[in-house]
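The values are calculated or read from the model by the stated rules, or taken from the named source; none is laboratory data. Since we're looking at a predicted model, the values are computed, not measured. Don't worry about glycine lacking a Cβ; one is built from the backbone with ideal geometry, like all the others, and counts go over all protein chains shown.
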Amino acid sequence: MARKPLPQPSADRRRRGFEPAFGLMKDPVRMAGETRGFAVTRLLTHWAEVAGTELAGKTRPVKVSYGREGIGATLTLLVKSTEAPMVQMALPVLKDRVNAVYGYAAVSHIHLTQTAPTGFAEGQADFAPAPKAAAVTKPDPANRAQAQAATEKVADPDLRTALELLAQNILTRRA
């Protein structure tokens, strides 16, 4: 399979000076997306906005395949096997969101491919677990007294409370 040659920059383009990184990568990203069926690369680059933060953390778009008539494409998503039932229930909403990106009913089916937490070697989908909640500890009375002493001259009670909390955090971090 031969690769398509990248377009060569024109002489005017070289004389403009600094080129934004996106301008240099726009054509290669577009061509790579089109080979996977993504005519609209926004579906890949802004997946968190399209699917929503909750579904974007559970899924990764892999490809869009078109039928013989070219209408009613199938979007393939990578999903952890433990998350697949929840994603399956949200497919009608997800299909509406994806079609809103295209501007018409381009995607008629969404196919879920269940994968291990690290994903396929080709897709390299890394599904990170939710961050662990920080353990709540009681503030040290000595730090609290020192923070109150440092902020006792502040007249505004809301500002004083915020500064005391900041001072306690700084004193706790040093320890």
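Among the numbered criteria (1) under 21 Å from residue 116 (Cα atoms); (2) of a type outside the set (Phe, Trp, Tyr); (3) at pLDDT 85 or above; (4) part of a helix (DSSP H, G or I), which one does residue 61 miss?
With (1) under 21 Å from residue 116 (Cα atoms); (2) of a type outside the set (Phe, Trp, Tyr); (3) at pLDDT 85 or above; (4) part of a helix (DSSP H, G or I) applied to residue 61, the lone miss is (4).
Could you please find all residues in segment 78-112 being within 18 Å of the chain's Cα centre (by Cα) and of a type in the set (S, T, N, Q)?
Across segment 78-112, there are no qualifying residues.
If residue 33 passes every condition in (1) in contact with a helix residue (DSSP H, G or I) (Cβ under 9 Å, 6 or more places away or on another chain); (2) surrounded by 15 or more Cβ atoms within 10 Å (Cβ to Cβ); (3) modelled with pLDDT of 75 or more but one, which one does it miss?
Status for residue 33: all satisfied but (3).
Evaluate the following for residue 121: is it more than 19 Å from the chain's Cα centre (by Cα), surrounded by fewer than 12 Cβ atoms within 10 Å (Cβ to Cβ) and either modelled with pLDDT of 85 or more or over 20 Å from residue 52 (Cβ atoms) (or both)?
yes
Please go through (1) more than 17 Å from residue 44 (Cβ to Cβ); (2) at pLDDT below 90; (3) touching a strand residue (DSSP E or B) at 6+ places or on another chain (Cβ under 7 Å) for residue 99 and return the number of the only condition it doesn't satisfy.
Condition not satisfied by residue 99: (1).
For residue 81, are the conditions met, namely being surrounded by fewer than 15 Cβ atoms within 10 Å (Cβ to Cβ), modelled with pLDDT of 75 or more and in contact with a Gly (Cβ under 7 Å, 6 or more places away or on another chain)?
Criteria not met by residue 81.
Checking the structure you have, find out if any residue of segment 92-103 is in contact (Cβ under 8 Å) with a residue 40 or more places away in the chain and among the aromatic types (Phe, Trp, Tyr).
yes
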